[in-house]
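Visitor: The structure that follows is given in the form of structure tokens.
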Amino acid sequence: MTSTVTIQERQSKVTRWLLIPGIVWMSLFLVVPIAMIVYVSFWTQTTFNISSDPTLASWKQFFSSDTYTGSLWTTIRIWLIVLATTFIVGYPTALFVGLFVKSKTLSTVLLVVCVIPFWTSFLIRVLAWRPMLGKEGAINIVLLKIGIIQQPIEVLLFTELSVIIGMTQIYCVFMVGPIAFMLSRIDRNIIEAARDLGAGFGRIFWKIIFPLSLPGVVVGAIFVSVMVLGEFATSGALSGRKVNLLGNIIVTQVGSLKWAMASVVGVVLTIVMGIVIAGFLRIVDLKREL
């Protein structure tokens with residue numbers, strides 16, 4: 001009994017020592033910066049000066065301005081659409097790679113193919129959509145050549161649609177990866193047993209495959225959500241600055257040296273992200289499932 005207690009105490013001490021570097025790192029580069037942003041959001045901002053005198057002026061300005069609240073709702077709307085499109089495009093791809101491809105080597109190769117675009121600069125991948133979506137771009141040229149349209153489609157570029165298309169392509173792989181990983185862990189014998197009992201593919205999918213892949217869906221949704229909610233480059237490049245997300249507002253305010261308002265938007269964005277992540281984590285227990 002004494003020996004068991006001693007071993008547990010030693011393991012507990014080792015665990016505490018191993019946690020120290022992570023706690024220090026998270027404190028210095030996460031907790032402290034967020035606390036500083038919250039603190040600055042209450043500073044007094046004037047046209048040419050800023051002081052540390054506490055005030056709610058910047059917060060009142062954010063929630064009373066149609067520009068800022070409009071950017072908040074635009075960010076949430078685009079996030080929901082991109083989340084849905086990445087799932088619609090990504091899940092069938094992950095299903096094929098993770099479940100239907102029996103060769104581990106081929107499955108790995110296909111996942112690498114999905115990651116190949118990330119070998120180039122993020123900005124290049126974003127700007128590459130301009131010659132594709134423009135009025136005289138590749139998509140319009142092809143549609144005109146085959147006779148589907150008579151006039152070029154103008155809404156493909158410098159609109160909210162172009163931002164959604166660009167984000168879907170850029171972030172879809174973050175949905176594919178986790179789902180494919182979870183699907184590859186499913187025991188094929190379970191599926192074969194269900195088939196032997198007379199279940200069709202639809203019933204197998206909804207009763208076995210999708211529930212077992214749900215942790216991957218949640219992880220992918222968290223990845224996509226965090227990146228889309230914090231976006232500013234894609235919207236700026238593909239919308240011609242016509243679509244203002246919260247990330248664009250932060251960049252503009254920092255460029256104008258309006259630190260208080262930039263901090264307010266940053267705090268709001270952090271709260272939105274926190275709510276979204278907490279909501280997803282309530283769907284499944286990732287500690288148990290993974």
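The values are calculated or read from the model by the stated rules, or taken from the named source; none is laboratory data. Since the structure is predicted, the reported quantities are computational estimates derived from the model, not experimental observations. For the accessible areas, the whole protein counts, side chains as well, though only heavy atoms, and no ligand, DNA or RNA atoms are used. Shrake-Rupley method; radii C 1.70, N 1.55, O 1.52, S 1.80 Å.
Visitor: For Lys60, give me every one of the lysines with a C-alpha distance below 19 angstrom, ignoring sequence neighbours fewer than eight places off in its own chain.
Guide: Filter leaves Lys258.
Visitor: Compare Cys172, Cys114 by solvent-accessible area with a 1.4 Å probe and give them largest first, with all protein chains kept in place.
Guide: Cys114, Cys172
Visitor: May I ask you to list, by number, the DSSP H helices of the chain whose Cα span along the axis is at least 30 Å and whose average Kyte-Doolittle hydropathy reaches 0.5 or more?
Guide: TM-like helix candidates: 66-95, 160-184, 259-281.
Visitor: Something else about it: Taking amide H positions as placed in the peptide plane 1.01 Å from N, state which residues far from Ile50 in sequence (5 or more) or on other chains have amide H under 5 Å from it.
Guide: When sequence neighbours closer than 5 places are left aside, there are no close amide H contacts.
Visitor: OK, next. Among Gly98, Gly247, Gly274, which one shows the highest mean-square fluctuation when the chain is modelled as a Gaussian network with alpha-carbon springs under 10 Å?
Guide: Gly274
Visitor: Given H placed 1.01 Å from N in the peptide plane, which residues other than close sequence neighbours of Gly230 have an amide H under 5 Å from its amide H?
Guide: Those qualifying (amide H under 5 Å, at least 5 residues apart or on another chain) number zero.
Visitor: Probe 1.4 Å, all protein chains in place: accessible area of Ser213 in Å², nearest 10?
Guide: Using a 1.4 Å probe on the heavy atoms, I get roughly 0 Å².
Visitor: To two decimal places, what compactness ratio does segment 134-223 give when its Cα radius of gyration is scaled by 2.2 N^0.38 Å?
Guide: 1.66
Visitor: Out of Thr46, Thr168, Thr86, any idea which swings most in a Gaussian network model of the chain, alpha carbons joined below 10 Å?
Guide: Comparing Thr46, Thr168, Thr86 in a Gaussian network model of the chain, the most mobile one is Thr46.
Visitor: Need the list of aspartates and glutamates near Lys145 for cross-linking: C-alpha distance under 19 angstrom, and skip anything on the same chain fewer than eight residues off.
Guide: Answer for Lys145, where 19 Å is the Cα cut-off: Glu136, Glu154, listed by chain and number.
Visitor: Could you check which residue among Val265, Val217, Val31 shows the biggest mean-square fluctuation in a GNM of the chain with a 10 Å Cα cutoff?
Guide: Between Val265, Val217, Val31, it is Val31 that shows the largest mean-square fluctuation.
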